[in-house]
Amino acid sequence: MQDAIKPRSVRGGCFAKDGRNDQMARYLRLDEAASELAKQLAANCKKRRAALRMSQAELAERTGIAASHLSYIEQGKANPTLEVLEDLAEGLQTTVIDLLTIETPRIEQS
């Protein structure tokens with residue numbers, strides 16, 4: 001009898017133990033897309049926090065997010081949950097959309 005792949009459920013998803021999901025993620029370039037978004041979030045968080053003249057420790061206290069996690073977010077190495085994004089946006093006095101938006105240069109029209 002052939003060994004069956006036994007899926008394990010993770011937060012509503014179903015992942016095979018044989019690594020096919022990793023291959024699919026690479027094929028779809030999900031890592032690249034996620035990393036670009038993480039970089040944008042990192043840049044926007046740093047910029048906003050600097051504009052408010054706030055330290056990571058102050059932001060951590062204000063939001064309840066661990067300072068170490070904030071550091072990872074600002075380095076583009078974390079994938080925060082929606083709840084964390086909402087807390088972060090509130091602590092930075094902005095919106096989640098603004099934190100994730102890529103700024104495009106404005107062209108002055110004459």
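The values are calculated or read from the model by the stated rules, or taken from the named source; none is laboratory data. Since the model is a prediction, treat every value here as computed from it, not as a measurement. Ideal geometry is used to build each Cβ from the backbone, glycine not excepted, and the neighbour counts take in all protein chains shown.
Points worth noting:
- Of all residues in region 50-84, exactly one satisfies the criterion of being closer than 14 Å to Lys39 by Cβ and free of Cβ contacts under 8 Å to residues at least 24 places away in the same chain, namely Tyr72.
- Counting only helices (runs of 4 or more DSSP H) that sit wholly inside region 30-87, those with at least 2 residues that are touching an Asp or Glu at 6+ places or on another chain (Cβ under 8 Å) are 30-51, 56-63.
- Candidate set from region 39-69 (those that are small (Gly, Ala, Ser) and under 16 Å from the mean Cα position of the chain (by Cα)); member that is surrounded by the most Cβ atoms within 10 Å (Cβ to Cβ): Ala42
- Any hit, region 80-93, residues being at pLDDT below 95 and surrounded by 13 or more Cβ atoms within 10 Å (Cβ to Cβ): yes
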